[in-house]
Amino acid sequence: MINFKWKKSGLITGLTLSLIVAGCGSNDENAQTETTVSEEMEYTITGIEPGAGQSETNTEALSTYDSLDGWEQELASTGAMLTQLGEAIDNEEPIVVSAWSPHYMFANWDIKYLEDPKGLYGEDEAITTIARTGLKDEMPGAYTILDRLKWEISDVEEALLAAQDKEFEVVAQEWVDENQETVAQWTEEVEPVDGTSIELVLTPWDAETFTSNVAKVVLEQQGFNVTLTPVDPAIMFEAIVTDDADASLAPWMPATHGALYAEHEGNFEDLGANVEGAKIGLAVPSYMDIDSIEDLQPKE
């Protein structure tokens, strides 16, 4: 809002009012609003951990987008970012944060991704299922179930929100109990086994921890003895290729784990996506009247 002092001189008063009216009638009203929002955010992206891949992409965005000229990225931790996001939403204040899906932030708050016209954050990804060569012949029932496992990203995010107060094992069991029709489709005509061992490897990320625990519950209901082993992404692929593990529901494709996938391609089976629509980017509360990174304003 423009503040001014009334002048005693009628001439000065008239001139001042004329300038204000002219300014209000200009086509820059939206730009003024956006500039105010950017100023309120102190030209700062609220990021996550230093060294994280998304933090590096944010740094690239700062040097690529003219709208982010002069902006900075505040780095601390994912927990700190989520705390600041929650506080901003409680007070209906503007904020722009590092975001990724699936994550419980989208189930907990009404937020939206900003469009990325330059494509720095990449296309939507899919979390895929891979299996060692030979699993289909040796454990056809497990292979069939793994091949059928699919979740809506919103279901995963709701589960991740529930996991803030419960163990993943509990959330997974509750999900299975509440989605018996889906589980029945996954296990239709699958012959039960008697204690056959199967090992699933996964990255220690929340979404993959949830889906792998659901797979564990479903497979155990069919008589399998399931082991879940969290590992680094490189080890995850190596374990499948060397037959040290049987399958994984954790690879992100085509970008996040694309190099590892290409390195080992042909030495494992790709069963397709189990969660589609995974992505990273910058997000804001939905009450903010901006839709694109280019709607932000550079620091003057």
Check: ³J(HN,Hα) across segment 207-216 via Karplus (A = 6.51, B = -1.76, C = 1.60, θ = phi - 60°), whole Hz, x for Gly/Pro?
Finding: 4, 5, 5, 5, 5, 5, 5, 5, 4, 4
Check: Helix-derived [θ] at 222 nm for the chain: sum -39500 (n - 2.57) over DSSP H runs of at least 4, divide by residue count, nearest 500?
Finding: -12500 deg cm²/dmol
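For segment 125-279, please report how many Lys pairs fall under 23 Å Cα to Cα, leaving out neighbours fewer than 8 apart on the same chain. Walk me through the numbers on the way to the answer.
On the way: LYS136/LYS150; LYS136/LYS216; LYS150/LYS166; LYS150/LYS216; LYS150/LYS279; LYS166/LYS216.
For segment 125-279, qualifying lysine pairs total 6.
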Margin query: Test of understanding: ordering ILE48, ILE89 by Cβ neighbours within 10 Å, fewest first, what list do you get?
Written below: ILE89, ILE48
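Return the loop-located GluC sites (Glu not before Pro) in segment 132-226 (DSSP other than H, G, I, E, B) with at most 14 other Cβ atoms within 10 Å of their own Cβ; answer none if there are none.
On the way: sites: GLU138, GLU152, GLU157, GLU158, GLU167, GLU169, GLU174, GLU178, GLU181, GLU188, GLU189, GLU199, GLU208, GLU220; in loops: GLU152, GLU167, GLU188, GLU189.
Those satisfying the criteria are GLU152, GLU167, GLU188, GLU189.
Relative to the present Cα-Cα distance, how much length would full extension add between SER292 and SER154 at 0.36 nm per residue of separation?
Details: separation 138, 0.36 × 138 = 49.68 nm, distance 2.25 nm.
Once the chain is fully extended between SER292 and SER154, it gains 47.4 nm.
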Next item on the list: May I ask you to compute the full-extension gain from GLN173 to GLU42, defined as 0.36 nm times their residue separation minus their alpha-carbon distance, rounded to one decimal in nm?
Entry: 42.7 nm
Item checked: Antiparallel content of DSSP bridges confined to segment 125-279, in %, to 5 -> 60
Note to self: With equal scatterers on the alpha carbons only and no solvent term, can you work out the Debye log10 of I(q)/I(0) for segment 125-279 at 0.10, 0.11 1/Å?
What the structure shows: -0.31, -0.38
Margin query: What are the ³J(HN,Hα) couplings of segment 262-271, residue after residue, when phi is run through the Karplus curve with 6.51, -1.76, 1.60 and θ = phi - 60°? Round to Hz, x for glycine and proline.
Written below: 5, 4, 10, 4, x, 10, 8, 9, 9, 8
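If the chain were replaced by its equivalent ellipsoid, with semi-axes equal to the square roots of 5 times the Cα gyration tensor eigenvalues, what would those be, largest first, whole Å? Let's see the in-between values first.
Working: eigenvalues 512, 76, 42 Å².
Each semi-axis is √(5λ); the values are 51, 19, 14 Å.
Read-outs: derived from the displayed coordinates by stated rules, not from any lab. Not measured: the values here are computed from a predicted model. All Cβ positions, glycine included, derive from the backbone under ideal geometry; neighbour counts span all protein chains shown.
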